[in-house]
Amino acid sequence: VIFDRTERWAIASDNGFDHIYVYPFSPNSRTLEGKSFATPPGKAPRHFVFHPRAPYFFMTNEREASVSSFYFDSNTGELRPVQTIPTIPDGYSGPRVAPSNIRMHPNAKFIYAANRGDDSIAIFSIDEATGRMAPVSTVKTGGRGPREMNFEPSGRYFYVCNLQSNEVTAFAVDANTGKMTQGPKADAPQAACIN
């Protein structure tokens, strides 16, 4: 569950039922009543992130190895799909991929989606005017089972929790291209969450 950029709406994903729920939010209310939006069956919408300036959010699909972008109307709470794009290259023949976490660079020009199974991070540029994405690169995580990940505030460094190999991998990030280069790793038993 996250808030939209106006913080007037709470949005929740339901990967078991293939739905997105939108609730008007009031800090004085103890209840949530909202709208339900179906996503295509079998995609399993999971983690998502809102653009800080544009009316779009971006979401991983856990059972399809893809990310989707949506337009969100902060006046009405309505949403509409914009684009869905694979997180793995054409012709991929490795293990089954189940995307997990998604993060946006602090400059809001790029998104990063973790590919469990391929042990990689898919990087996409964002068109702020349309909400459409374009592939930049795919980078191995330096470990196994990427779970969560995050930027430090400057956006120069990115950290990936490799749950299955018990470590956190650091990456240096080029804010102009979105590309990243692997740096050092640190042992972290069952590394799963990072803030």
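The values are calculated or read from the model by the stated rules, or taken from the named source; none is laboratory data. These figures come from a predicted structure and were not determined experimentally. Glycine gets a Cβ as well: all are built from the backbone with ideal geometry, and neighbour counts include every protein chain shown. What goes into the accessible areas is simple: the full protein's heavy atoms, side chains included, and nothing from ligands, DNA or RNA. Shrake-Rupley method; radii C 1.70, N 1.55, O 1.52, S 1.80 Å.
Under 1.5 on a/c is rounded, so check that first for the stretch 85-195, then, if it is not, pick prolate when a/b is larger than b/c and oblate when it is not; a ≥ b ≥ c are the square roots of the alpha carbon gyration tensor eigenvalues. Since a/c reaches 1.5 but b/c is at least a/b, the shape of the stretch 85-195 is classed as oblate.
Among the protein heavy atoms, those of Tyr92 account for about 70 Å² of accessible surface (1.4 Å probe, every chain in place). Using a probe of 1.4 Å on the protein chains alone, the accessible area found for Tyr157 is around 90 Å². Between the beta carbons of Gln182 and Ser137, assuming R0 = 22 Å, the FRET efficiency works out to 0.95 to the nearest 0.05. Evaluated at q = 0.12, 0.13 Å⁻¹, the base-10 log of the normalised Debye intensity for the chain, with identical point scatterers placed on the Cα atoms, takes the values -0.58, -0.67.
Taking R0 as 41 Å, what's the FRET efficiency between Ser29 and Thr130 from their Cβ-Cβ distance, rounded to 0.05?
Details: r = 34 Å, r/R0 = 0.83.
The computed FRET efficiency comes out at 0.75.
For the chain, modelled as a GNM with alpha-carbon contacts under 10 angstrom, which of Ile111, Ile102, Ile88 fluctuates the most? Looking only at Ile111, Ile102, Ile88, the biggest GNM fluctuation is shown by Ile88. Rounded to the nearest 20 debye, the dipole magnitude of the stretch 94-195 is 160 debye, with +1 charges on Lys and Arg beta carbons, -1 on Asp and Glu beta carbons, and the Cα centre as origin.
Give, as ranges by residue number, the residues of the stretch 97-131 whose backbone N falls under 19 Å from the point 7 Å along Cα→Cβ of Glu78. Inside the label zone: 130-131.
What the chain shows is 49 Å² of accessible area per residue, with the surface traced by a 1.4 Å probe over protein heavy atoms.
If you roll a 1.4 angstrom probe over the protein chains with everything in place, what fraction of the accessible area of the stretch 49-195 belongs to carbon and sulfur, to the nearest %?
On the way: 3290 of 6660 Å².
About 49 percent, which is the carbon plus sulfur part of the accessible surface.
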